[in-house]
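*Asks:* The structure that follows is given in the form of structure tokens.
What follows draws every value from the coordinates through simple rules; no lab data is involved. On a predicted model such as this, the values are computed, not experimentally measured, just so you know. With ideal geometry, Cβ positions are generated from the backbone for all residues, glycine too; neighbour counts draw on all protein chains shown.
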Amino acid sequence: MTRAAPWHQQNAHHRSACLEWIKLRLQQWLPESEVTEAQVAEAMAARLAAAAMNPPLALVPLGKLFDLNWFEPSVLFICAAMELALWLTALCAQVHGNDDRPYPTFALVMEPLEEPMWRVLSPERSLRSWRLIEVQQAGSRELTSNLLKAEERVVSYLKGNHYMNMTLQRNQSLLMAGWFHD
């Protein structure tokens with residue numbers, strides 16, 4: 001991918017690199033996994049190289065705008081990836097060891113990701129306070145076992161839909177006044 005490529009192509013390349021990294025990280029947690037650390041490291045290097053493109057790709061300014069720490073964009077992307085890659089549902093169910101759980105949970109994203117930060121579960125952190133992700137609670141299930149879902153506008157933005165990009169750039173004060181809140 002060259003710097004001269006249009007932004008949406010670079011953004012798609014970054015999404016692909018992130019999806020490959022997520023796939024390998026989750027596959028490593030399967031009992032019969034043959035995924036090597038070298039494969040994961042290569043996928044991470046591709047992800048980081050794609051993230052360094054200029055102009056910044058969708059996940060980068062979103063992270064800056066909402067003051068996400070280094071770990072939270074990975075959590076957000078895994079949640080959004082459910083809408084970007086249908087194969088991820090089967091992989092989530094495999095990692096959970098339960099066909100009835102084909103979705104990301106805090107437990108699922110914390111284990112395979114490097115150096116997890118448990119404070120991302122807090123409703124006061126950006127992912128939940130801005131409702132970038134939703135925790136869909138089912139009965140009395142513990143917080144770490146509930147379905148996580150990325151907000152629809154976030155998914156659209158990560159896909160490269162510019163309407164949210166323009167909104168983010170023009171209306172940051174609107175966001176701060178409660179765009180994602182009720």
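*Asks:* Rounded, prolate or oblate, given the Cα gyration tensor of the range 1-59, with a/c below 1.5 counting as rounded?
*Replies:* Prolate, because a/c is 1.5 or more and a/b exceeds b/c.
*Asks:* A follow-up question, please. Stretch A52-N161 to full length: gain in nm at 0.36 nm per residue minus the Cα-Cα span?
*Replies:* Gain on stretching A52 to N161: 37.2 nm.
*Asks:* Same structure, new question: Determine which lysines satisfy two conditions relative to K149: a Cα distance under 16 Å, and not lying fewer than 8 residues away in the same chain.
*Replies:* Answer for K149, where 16 Å is the Cα cut-off: K159, listed by chain and number.
*Asks:* Length gain on complete extension for the stretch D99 to N69, per 0.36 nm per residue less the alpha carbon to alpha carbon distance?
*Replies:* Here the answer is 7.6 nm.
*Asks:* What is the magnitude of the charge dipole of the range 7-176 about its Cα centre, with +1 placed on the Cβ of each Lys and Arg, -1 on the Cβ of each Asp and Glu, and no other charges, expressed in debye to the nearest 20?
*Replies:* With only Lys, Arg, Asp and Glu charged at Cβ, the dipole is about 680 debye.
*Asks:* Work out from phi, with θ = phi - 60° and the Karplus expression 6.51 cos²θ - 1.76 cosθ + 1.60, the ³J(HN,Hα) of each residue of the range 117-126, listed in order in whole Hz, and give x for Gly and Pro.
*Replies:* Listing the rounded values in order: 10, 5, 5, 5, 6, 5, x, 8, 6, 4 Hz.
*Asks:* In a shell of Cβ-Cβ distance under 13 Å around S156, excluding S156 itself, what net charge do Lys and Arg (+1) and Asp and Glu (-1) give?
*Replies:* My count for the surroundings of S156 gives 0.
*Asks:* Among H96, M53, A81, whose Cα lies farthest out toward the positive end of the dipole of the range 22-122, if unit charges sit on the beta carbon of Lys, Arg (+1) and Asp, Glu (-1)?
*Replies:* Among H96, M53, A81, the one farthest towards the positive end of the dipole of the range 22-122 is M53.
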